[in-house]
Amino acid sequence: MAKKILPLLDRILVEKIVAPKKSVGGVLLPESASASKVNSGKVIATGPGGRAKDGTPIPMTVKEGDTVLLPEFGGTEVKIGEKELFIYRNDDVLGILVE
Amino acid sequence: MAKKILPLLDRILVEKIVAPKKSVGGVLLPESASASKVNSGKVIATGPGGRAKDGTPIPMTVKEGDTVLLPEFGGTEVKIGEKELFIYRNDDVLGILVE
Amino acid sequence: MAKKILPLLDRILVEKIVAPKKSVGGVLLPESASASKVNSGKVIATGPGGRAKDGTPIPMTVKEGDTVLLPEFGGTEVKIGEKELFIYRNDDVLGILVE
Amino acid sequence: MAKKILPLLDRILVEKIVAPKKSVGGVLLPESASASKVNSGKVIATGPGGRAKDGTPIPMTVKEGDTVLLPEFGGTEVKIGEKELFIYRNDDVLGILVE
Amino acid sequence: MAKKILPLLDRILVEKIVAPKKSVGGVLLPESASASKVNSGKVIATGPGGRAKDGTPIPMTVKEGDTVLLPEFGGTEVKIGEKELFIYRNDDVLGILVE
Amino acid sequence: MAKKILPLLDRILVEKIVAPKKSVGGVLLPESASASKVNSGKVIATGPGGRAKDGTPIPMTVKEGDTVLLPEFGGTEVKIGEKELFIYRNDDVLGILVE
Amino acid sequence: MAKKILPLLDRILVEKIVAPKKSVGGVLLPESASASKVNSGKVIATGPGGRAKDGTPIPMTVKEGDTVLLPEFGGTEVKIGEKELFIYRNDDVLGILVE
């Protein structure tokens, strides 16, 4: 049975979105020529939330299913079976990408 | 459909303003000769606001449409399609430029 | 009589789970070929909980028996008899692994 | 139309005061021989005030028009047209110079 | 008259426990062959307790007579007569060793 | 007209006291042979007081006219006309020297 | 008239106790052979007490006349006439030495 990760506290589990570089025939896709160079991913799961210095609960600002804009650095890589996932902290997420 | 970034917490999304260096014919524009050397930009979008150490909500001090004076360093670059945008924290903004 | 460690404050005592590399005959097990590369372990015991900066008690988020996803670095090694155990802080645990 | 900077939070906008070194003929002015070697400036504009760690508003201690004693280092240079201005934080100002 | 040390605040006074390496005749004791490699000691005396950042008293979690598991590094050595003792902070103790 | 410095917040303005090394004739003064080697000074002016992290006003512990014992390092030098003065923070002062 | 130092805030003034190395004739005193190697001293004067981060007064834990166990490093040396004294912070004192 596959394993599932429940992130703790203010952590989120993210699967990165990699922009499609080339078409099947190797031709540079027009869309990708001007493809956005952003480090983004899909939120698979989130923790219940973090705590302030005095223990006060702090709500999450991203939720499962969001497409998020990630910082250039940071994140902990976790390989579950074939899947490469990453764990970030809620407050490290730069923004939410909406169509 | 174009993507839109919703900044999180106390972050702002900024498009930099680059002072016009030369006229079409390449002549140094008088205005630009004494052009201000400031790192400034237009606020495209802002997050809802940050939190103090004990979780208390902290209001933003800049809003969408403001022309802002940015610090020399810092800011995260984000390229969406052809547009080069930057993400800053509200408290890093030095001031608001008004005519 | 064997010694037992009661972790203090927000610490947890963990026995690491090492993925089986090879079968008895030395053949690379199919399961392990795509075995998850995670740093995980079983929680043997936990402390009562930590304290916020102002002394407020902070509850634990992992409990005895949990299988936990551990950070790449950190943890204090403790050898009790033949057993190699590790001590982590509650807040360093990335997530809980469930089937 | 000239641009104006509205400093944000606890920042102040300062125009530095440079002690006159030489008379028109290049003769060392007596007054300047023993001129004070202080890093000082005039406050052009101030922000509304900063915030404590828990968000409590913190009042400013310098105001527009004050002549202030500045620290040896620090300050962000901002060139608006021909004018060289500097941005400091309220709490970095050492003192107010009065005649 | 022998001197006694009363630890202050959240400090504890510890006498280290060194695992017996060899028998009288120099034969490696079986018990020690698989002796636990832990840095442990007996608590001789404790301070009254520490204070949180805002001055709130923080109770101790170890008491006189406890056998404690100590971190690999840290501790201040104090030699009183022939006795080598160590001073640690309450929160540095990893756990309590019970039979 | 001479300039006066009003220190801000928890700062104090100090004129250093330099122990007399030699008599007029260059003979080592007996008193100075065993002169105290302390970094001390006279308080010329003080700020109104500092603020705690949450903005709470913090009263000063030194006042104008006190002779104070200063730390070995630190202090900002300010030259006003011929006078060499120093600015320290209230909490950096080690003690008050009384006859 | 001799000068007296009134320590400020949570500081204490200490005269170090140096263990007697040799008898008058230079013979190693038996007591000193096993002399404790501790960095200790007598408290000459104390400040009124320190303040927590939010300004709350923090009481002292050592008083004038105590014999105190000092950390290996730290302390500011102050020479008053022939006397070599040291200034420490209350919280740096490891313990109180009692007979």
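The values are calculated or read from the model by the stated rules, or taken from the named source; none is laboratory data. Everything quoted here is computed from the prediction, not taken from an experiment. Cβ coordinates were reconstructed from backbone atoms using ideal geometry, including for glycine residues, and neighbour counts include every protein chain displayed.
Tell me yes or no: at least one residue of the stretch A:24-35 is part of a strand (DSSP E or B) and modelled with pLDDT of 90 or more. Steps first, please.
So the first thing to find is which residues in the stretch A:24-35 are part of a strand (DSSP E or B), and the list is A:28.
In the following step, the residues that additionally are modelled with pLDDT of 90 or more were identified as none.
There is no residue in the stretch A:24-35 that is part of a strand (DSSP E or B) and modelled with pLDDT of 90 or more.
What are the residues in the stretch D:89-99 that are part of a loop (DSSP other than H, G, I, E, B) and surrounded by fewer than 20 Cβ atoms within 10 Å (Cβ to Cβ), if any?
Within the stretch D:89-99, the subset part of a loop (DSSP other than H, G, I, E, B) is D:93-94, D:99.
Residue satisfying the conditions is D:E99 alone.
So which residues in the stretch F:58-99 are without any contact (Cβ under 8 Å) to a residue 40 or more places away in the chain and within 11 Å of chain D (Cβ to nearest Cβ)? Spell out how you get there, then give the answer.
To start, the set of residues in the stretch F:58-99 that are without any contact (Cβ under 8 Å) to a residue 40 or more places away in the chain comprises F:59, F:61, F:63-66, F:69, F:71-74, F:76-77, F:79, F:82, F:92, F:94-96, F:98-99.
Passing the criteria: F:T76, F:E77, F:K79, F:E82.
Take the residues of the stretch E:89-99 that are among the acidic types (D, E) and modelled with pLDDT of 95 or more: which is nearest to C:V78 (Cα to Cα)? Write out each step before concluding.
Here is the first cut: in the stretch E:89-99, the residues among the acidic types (D, E) are E:91-92, E:99.
This time we only want the ones that are modelled with pLDDT of 95 or more, so: E:91-92.
Values: E:D91: 18, E:D92: 15 Å.
Here the answer is E:D92.
Only residues that are crowded, with 17+ Cβ neighbours inside 10 Å, among the charged types (D, E, K, R) and either modelled with pLDDT under 95 or assigned to a strand (DSSP E or B) (or both): list them for the stretch F:42-88, please.
F:R51, F:D54
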